[in-house]
Amino acid sequence: MSYMPKDQRRAEIVEAAIKVIDAEGIAAATVRRVAQSIPVSPGQIHHHFASADALRAEAFLELWHRLGEAYFSQIQKESKIDTIVNLMAGGEDEEAKASFKRFYLDLAEAAKMSKVLLDVRQHILKIAYERRFQLLKEAQQAGELSENLNLNQLSLSLMALSFGLSMLEETAFQPMDTRAILRRAIDVENSAANNSVS
């Protein structure tokens, strides 16, 4: 093991944990497994992280952030509403959609046994809500949505609808056009907001 400044060593450890999570899942990112992949001693990792879950949490958030930024840049559409629909329906990149789903399901499972990872899951959901809220606000400012629309309620409703549609897709309930369903939900809410003023 060569000497590295503390921040650089920590970044190296996080990067190694990201690679393990990507290849093998969150549960595989143990201190011992990550240490073997660099290689450093497990004690060196414990020097930087209070627990294996603290390491997993930081690595997972970094991985999710990287994936999210790359993905979001690919799904931008001219219309903000189309961007929201594309974001929630999973975009056109099936590989990226599958990666998000795999990582989220892995995190959901790990969060059942770890308060630290449950906090990560809640943080990720908060980020998802905030991104949708911001896009809806931009759509409203661009005149694509009614000024009377409750963006908080619509953001939460769209997230719930998206999770439900995902579950139905997983069970192969029946073929559906997720984009059309999401778009219809936005249109119905927008129409109701416009009619409440009339």
Out of all the residues in the stretch 112-131, which are open to solvent by less than 30 Å² (accessible area, probe 1.4 Å) and either over 17 Å from Phe163 (Cα atoms) or of a type in the set (Val, Ile, Thr) (or both)? Ser114, Leu117, Val120, Ile124
Scan the stretch 61-73 and report the pairs whose first residue is without any contact (Cβ under 8 Å) to a residue 40 or more places away in the chain and whose second residue is in a helix (DSSP H, G or I) and open to solvent by less than 50 Å² (accessible area, probe 1.4 Å), with Cβ atoms within less than 6 Å and a gap of 6+ or a chain change. Tyr71/Ala96
Consider Phe173 against the criteria (1) surrounded by 11 or more Cβ atoms within 10 Å (Cβ to Cβ); (2) over 22 Å from Gln122 (Cβ atoms): it satisfies all of them except one. Which criterion is unmet? (1)
Of residues in the stretch 140-155 being buried (at least 17 other Cβ atoms within 10 Å of the Cβ) and farther than 27 Å from Ala111 by Cα, the one nearest to the chain's Cα centre (by Cα): Leu151
Can you tell me how many residues in the stretch 66-88 are closer than 25 Å to Asp187 by Cβ, open to solvent by 60 Å² or more (accessible area, probe 1.4 Å) and assigned to a helix (DSSP H, G or I)? 2
Answer yes if at least one residue in the stretch 126-141 is under 29 Å from Ala54 (Cβ atoms), modelled with pLDDT of 95 or more and β-branched (Val, Ile, Thr), and no otherwise. no
Tally, over the stretch 1-34, of residues that are touching a helix residue (DSSP H, G or I) at 6+ places or on another chain (Cβ under 8 Å) and among the hydroxyl-bearing types (Ser, Thr, Tyr): 1
I'm trying to understand the selection: among the residues of the stretch 89-109, which are assigned to a helix (DSSP H, G or I), open to solvent by 20 Å² or more (accessible area, probe 1.4 Å) and in contact with a helix residue (DSSP H, G or I) (Cβ under 9 Å, 6 or more places away or on another chain)? Lys97, Ser99, Phe100, Lys101, Tyr104, Asp106, Glu109
Has the stretch 132-139 got any residue that is open to solvent by less than 80 Å² (accessible area, probe 1.4 Å), farther than 24 Å from Ser191 by Cβ, out of contact with any strand residue (DSSP E or B) (no Cβ under 9 Å at 6 or more places or on another chain) and charged (D, E, K, R)? no
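The values are calculated or read from the model by the stated rules, or taken from the named source; none is laboratory data. Predicted model only: the values in this text are computed from it and were never measured. Every residue, glycine as well, gets a Cβ built from its backbone with ideal geometry; the counts of neighbours run over all protein chains shown. Side chains are part of the model used for accessible areas, which takes the heavy atoms of the whole protein and leaves out ligands, DNA and RNA. Shrake-Rupley method; radii C 1.70, N 1.55, O 1.52, S 1.80 Å.
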